[in-house]
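The values are calculated or read from the model by the stated rules, or taken from the named source; none is laboratory data. Because the structure is predicted, anything quoted here is derived from the model rather than measured. Note: ideal-geometry Cβ built from the backbone for every residue, glycine included; neighbour counts use all protein chains shown. Each accessible area value is taken on the protein alone, full model and side chains, heavy atoms only, with ligands, DNA and RNA left out. Shrake-Rupley method; radii C 1.70, N 1.55, O 1.52, S 1.80 Å.
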Amino acid sequence: MVKDQIIEIAKEAGEIMLSAKRPKIMEKAGHANFCTETDEKIQAFLIGKLKDILPEAEFLGEEDGQDVFSSKMSSGYCFVIDPIDGTSNFIYEYRPSVVSIGLLKDGKPYMAVVYNPYDEMMFSAVSGQGAYLNGERIMSSEAPLKDSLTVFGTAPYYIELQEKTFDIAKKLLPLCVDLRRSGTAAWDMCCVAMGRCSLYFELKIQLWDYAAAALIAQEAGCMVTDTEGAPLSYRGPSSVLCRARGVKEIPVCFLS
Ligand code: IPD
Ligand code: CA
């Protein structure tokens, strides 16, 4: 089955991540926006291997310098890849970082694999068939927000979003148990999917950050939308609000 093949490929990619020694670091546009030679190495590895299992698929990867979802990606299969989500964590050895592989079919999320090699946690989902962690079905928490942790993200290079992000975070803090910021959006959504926390938000992430994890969260019973409650586009960057089953309403701080 294709999902099992992708899982094996993600495991091998995780081994490349774990075995990297002092990789060369490159700066991308904006403040603290990094890529390493390991990001590039894993992406090349993933594309090579994934092509073998689905030769007709298109590819959109974070490190190929192309951030445009083209019309040819909206029909047939398209792999959307983040070789290392949590590149700063990776550079500073501040865990976790994950391999994220989403597969779109006709522009819609179809299959997803997210792997945290540090804890050997393999998340996977197929649209309509549930979400799994290391082969066991997972469902998001039914606890209300007041009894749950919240996670959020904000990239240091989107300076214009910082004030609004921290304003929302400040308003959320008294509504939940506490706030966390992991440094990887895909991991954050997987944490909501498996019930470790009940809400994740970020005002702008790229398609490769959410293509896989949003499907995993949705298949775990989460409501995954943009921060205004609209469905995700799966065409490009978006805000994301991921709510576990127990968070029935969008908190008012997102709507004001
Ligand atoms: C980043 C991480 C981070 C999020 C940023 C992303 P990268 O991805 O997911 O948590 O706040 O928006 O760009 O650069 O580590 O792949
Ligand atoms: Ca990345």
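Scanning the range 35-54 for residues that are under 19 Å from the mean Cα position of the chain (by Cα) and on the phi > 0 side of the Ramachandran plot turns up nothing. In the set (1) more than 13 Å from ligand 1 (Cβ to nearest atom); (2) in contact with a Leu (Cβ under 8 Å, 6 or more places away or on another chain); (3) assigned to a helix (DSSP H, G or I), residue 110 fails one condition alone, (3).
Suppose the filter is open to solvent by 60 Å² or more (accessible area, probe 1.4 Å) and part of a strand (DSSP E or B); does residue 94 pass it? Considered against the rule, which asks whether it is open to solvent by 60 Å² or more (accessible area, probe 1.4 Å) and part of a strand (DSSP E or B), residue 94 comes out as no. Residues considered: 165, 184. Of these, the only one that is over 30 Å from residue 1 (Cβ atoms) and either touching a residue at least 12 places away in the same chain (Cβ under 8 Å) or within 14 Å of ligand 1 (Cβ to nearest atom) (or both) is 165. Residues of the range 40-78 that are modelled with pLDDT of 95 or more, within 16 Å of ligand 1 (Cβ to nearest atom) and under 18 Å from residue 213 (Cβ atoms): 42, 43, 46.
Return yes when residue 146 is away from ligand 1 (no atom under 16 Å from the Cβ), over 17 Å from the mean Cα position of the chain (by Cα) and surrounded by fewer than 15 Cβ atoms within 10 Å (Cβ to Cβ) and no when it is not. Write out each step before concluding.
Details: away from ligand 1 (no atom under 16 Å from the Cβ): yes; over 17 Å from the mean Cα position of the chain (by Cα): yes; surrounded by fewer than 15 Cβ atoms within 10 Å (Cβ to Cβ): yes.
Yes.
What number of residues in the range 36-76 are within 16 Å of ligand 2 (Cβ to nearest atom), outside any helix (DSSP H, G or I) and surrounded by 17 or more Cβ atoms within 10 Å (Cβ to Cβ)?
Filtering the range 36-76 for residues within 16 Å of ligand 2 (Cβ to nearest atom) gives 36-47, 59-67.
When the remaining residues are screened for being outside any helix (DSSP H, G or I), the result is 36, 59-61, 65-67.
Next, from what is left, pick out any that are surrounded by 17 or more Cβ atoms within 10 Å (Cβ to Cβ): 36, 59-61.
The qualifying residues number 4.
Could we say that residue 127 is over 30 Å from residue 30 (Cβ atoms), more than 16 Å from ligand 1 (Cβ to nearest atom) and open to solvent by less than 30 Å² (accessible area, probe 1.4 Å) here? Before you say what the answer is, go through the steps one by one.
On the way: over 30 Å from residue 30 (Cβ atoms): yes; more than 16 Å from ligand 1 (Cβ to nearest atom): yes; open to solvent by less than 30 Å² (accessible area, probe 1.4 Å): no.
Criteria not met by residue 127.
Residue count for the range 97-107 under the criterion of being surrounded by fewer than 23 Cβ atoms within 10 Å (Cβ to Cβ) and assigned to a loop (DSSP other than H, G, I, E, B): the result is 2. Across the range 23-34, not a single residue is classified as within 12 Å of ligand 2 (Cβ to nearest atom) and either within 16 Å of residue 211 (Cα to Cα) or assigned by TED's automatic domain parsing to the domain that holds residue 208 (or both).
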